[in-house]
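The structure appears below as structure tokens.
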């Protein structure tokens, strides 16, 4: 396997800029996710790394080799697509073996490599079956087998679970990450599904309108979003935002909302005269009889282990709180709202940029990257 290094990658289609000067490194053996909404540039980025699109400018390195303008066939990369791209007239064994047959690999080596790929993917019992009769999950395993049988330097995966139903998708998330760990493969994975990215990735690059808004481990991008877009895109439900008119000087540890003073982690940069947004995750919002910030309950969603309660403050802001099911709530109730001060984020409303606060000085607890964020779904 090999490191992938992307420097100032730019791609324009006539007047439309799909990718804007992106730079990042995928370390050897890393599971790297490009995450974002449709049209954000993530698939175009992946296709440029794979050699299926040529960049307008910038450089791509695979290991120490500059492959920016090399054809896809001259890069030692395997591609897995959303729609499987299997050959319907071939059985499973011959589908997996096809890349090796095309390369002229000796028959004995092909048989051994196909058997090993089937063992890793647990599809030995399917080798002689036609692919047309397989389930979606098994077809995706065959597509993965055709990729890993080559033992390439890197894997490119473009929404490989997008055609599966939710049950298969959850199972394949687990299997893909386990497969990655067994192979120690360098993987670049494109998805619009934050739950897939949070469950599998070591590092996530969150893209928006061709720009990488934030690059980091799952827990980092969840706990410390760099922008309003990231805070809103990551999390289910997403972060709540409270508009705070007026500016605040560096060192401020309270922000005013109407007649209520809200404690926040101390601001580390000056925001005098700026319109701010206070961001709070639903799980960091609770009901409190002592709080002077009052809200009316608009509705509840029961989720089994918790409930999502939607409230509207006197200032007209709508907030969602994730609370225990042991707290009785119903539409029309009036409640006090309190925040976990240390977990709040503050953003500049005009630019969407997160302002630096005291919470940025606390290290994110070390944990297995692919497990981070599992509780946030």
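Readers should treat all values here as calculations from the given coordinates under stated rules, not as data from a laboratory. Keep in mind the model is a prediction, meaning the values are calculated, not measured. A quick note on method: Cβ atoms are made from the backbone with ideal geometry, for glycine too, and the neighbour counts reach across all protein chains shown.
Observations on the model:
- Semi-axis lengths, largest first, of the ellipsoid equivalent to region 133-213 are 21, 17, 12 Å, with √(5λ) applied to each eigenvalue of the Cα gyration tensor.
- Rg in Å to one decimal, and Dmax rounded to a whole Å, for region 250-317 via C-alpha atoms: 14.5, 44
- Tail beyond 26 Å, pair distance distribution of region 4-223 (Cα, percent): 35 percent
- Taking the chain and dividing mean pair separation by its residue count, relative contact order in percent (alpha carbons under 8 Å, at least six apart): 16 percent
- Between residue 361 and residue 132, the FRET efficiency estimated from the beta carbon spacing at R0 = 45 angstrom works out to 0.20.
- Taking label points 7 Å from Cα along the Cα-to-Cβ direction, residue 288 and residue 101 give a separation of 6.8 nm.
- Estimated Rh, region 109-267: Kirkwood, alpha-carbon pairs, angstrom: 18.9 Å
- Distant alpha-carbon pairs in the chain (separation over 33 angstrom), percent: 41 percent
- Here, region 237-359 is characterised by an Rg to Rh ratio of 0.98, where Rg is the alpha-carbon radius of gyration and Rh the Kirkwood radius.
- Computed over the Cα atoms of region 1-49, pair by distinct pair, the Kirkwood hydrodynamic radius stands at 11.7 angstrom.
- Computed E for residue 20/residue 193 - FRET, C-beta separation, R0 35 angstrom, nearest 0.05: 0.90
- Taking the fewest neighbouring Cβ atoms within 10 Å as the starting point, the ordered list for 45, 203, 313 is 313, 203, 45.
- Least to most buried among 113, 42 (fewest other Cβ within 10 Å first): 113, 42
- Remark: spin-label model distance residue 166-residue 181 equals 2.5 nm, labels positioned 7 Å along the Cα→Cβ axis.
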